[in-house]
1. Quick one: dipole size for the chain, taken about the Cα centre, charges +1 on Lys/Arg Cβ and -1 on Asp/Glu Cβ, in debye to the nearest 20.
2. Quick one: grab the alpha carbon gyration tensor of segment 28-124, order the square roots of its eigenvalues as a ≥ b ≥ c, and give me rounded if a/c is under 1.5, else prolate or oblate depending on whether a/b is larger than b/c.
3. Of all beta bridges DSSP finds with both residues in the chain, what is the antiparallel percent, to the nearest 5?
4. What is the calculated FRET efficiency for residue 135 to residue 344, with r their C-beta to C-beta distance and R₀ = 56 Å, to the nearest 0.05?
5. What's the angle, to the nearest 10 degrees (0 to 90), between helix 139-155's Cα axis and the longest principal axis of the chain?
6. With a ≥ b ≥ c the root eigenvalues of the C-alpha gyration tensor of segment 48-293, is it rounded (a/c under 1.5), prolate (a/b larger than b/c) or oblate?
7. Set Lys and Arg Cβ to +1 and Asp and Glu Cβ to -1, take the dipole of segment 48-293 about its Cα centre, and tell me which of 266, 178, 51 lies farthest positive.
8. Got the relative contact order for the chain handy, in percent, Cα pairs under 8 Å and 6 or more residues apart?
Amino acid sequence: MNFSKIVSMAFLAASFFSSALVDAQTQDNPLIINISTANNGVNKNMDTWYLGRRANIAKERDLIGAENVTGLRIRAPKEYDMDKVGNRFELTQTQKNELDEDLAKTANLAGTATKIAIMSSGDGLSSFYTKNNGNDIKSKTWKALFKRSIEYVESQGYTVGYIEPLNEPANKTGSPENWNQVLGHFQADSKLTQYPIVGPSTFGFKNAKKNWWDVMGSQVDWGATHVLGSRGTGNQFKGFVQAVLDSGKEYFSSEIHSLVEVIISAKMGSIGGEWWPRELNTVNGNFVKSIINDRWINQSYVEKIDNSTNYAAGVAFRVPNQNRIDVYAESRNDTVYFRIVSNENVSFNGGTNRKTFDFVANHNDEQQIVVTW
């Protein structure tokens, strides 16, 4: 069938293609994003957005809007031994200097009003924090590292937003069982439980639910995984997010690598995320602005999800008090064809008024289509 000849069939096909799964998606069988000029949309309540310390802070602040930046994620300096002072382990001056270096980057945000997230990052891992020949994390010293880091950040006038005790643990020290024990000690500490504890923040999500979440998910407050490359399928990603939500926890995208993961998790109920440096661009920044300031059109959401790494999603937002809708879409790997279907003639990206608009989306080729009337 010629692509131009199926335009008249779009409205009949819309309800089918807007379902969660579309098989054999092709140019003649596109994903349909339904929009209506009469639909005022709903609020999505996804308003917790952090930047990473390695980011071009000023640039990325402007991309998502300074008013939309919750805070900055920095490192707990784990590459150094701590000092023993009486009965306490204390940060060394070198560790404080590293924290100061990261905190100084908030000058490009909102100064001391900015929230700080603290994660297990940095170069290397001192044996001071490990046991069993470096195979496992030692709860006592790991807990001390985070407590003293929090106390130092607060002493400098900042508010701690969340803590992330483990970062991509599958590639580093600590088994799921070991981390379950470590985080159990975190949950038993009245200081550390003042802040949401995020995890497991796995390197990829292929086995994140079975190997990690099912073992230690009860010890965190916000569930998180890193959606990297081909390390997991669309169904596995959604399965992890759903497991987090089913447990009564919040889902937080602790290291965003693509727009499609944000669109999917937003639909499911994510509270926000932290953008991996260099992943923010104009389209991704505009999406953040839309999900905070605009209204999600429920019927517009469409996704292509299966047991492969080739998944895609798209959605539309109604801009309040304007005759404008913004459509966003991306595919994780393969080229995916989309069609926007409107209830009346509208202009797509400033073009001649019509009811349908066709476009393609690929990985790292996030699409934003501006609809006006």
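1. It comes to approximately 240 debye.
2. Taking the square roots of the gyration eigenvalues as a ≥ b ≥ c, segment 28-124 is prolate.
3. Bridges in the chain that DSSP calls antiparallel: roughly 50 percent.
4. 0.30
5. 80 degrees
6. Taking the square roots of the gyration eigenvalues as a ≥ b ≥ c, segment 48-293 is oblate.
7. Of the listed residues, the answer is 178.
8. Value for the chain: 21 percent.
Bear in mind that the values in this text are calculations on the coordinates, not laboratory data. Please read all numbers here as calculations on a predicted model, not as lab measurements. Heads up, the Cβs are rebuilt from the backbone with ideal geometry, glycines too, and the neighbour counts pull from every protein chain shown.
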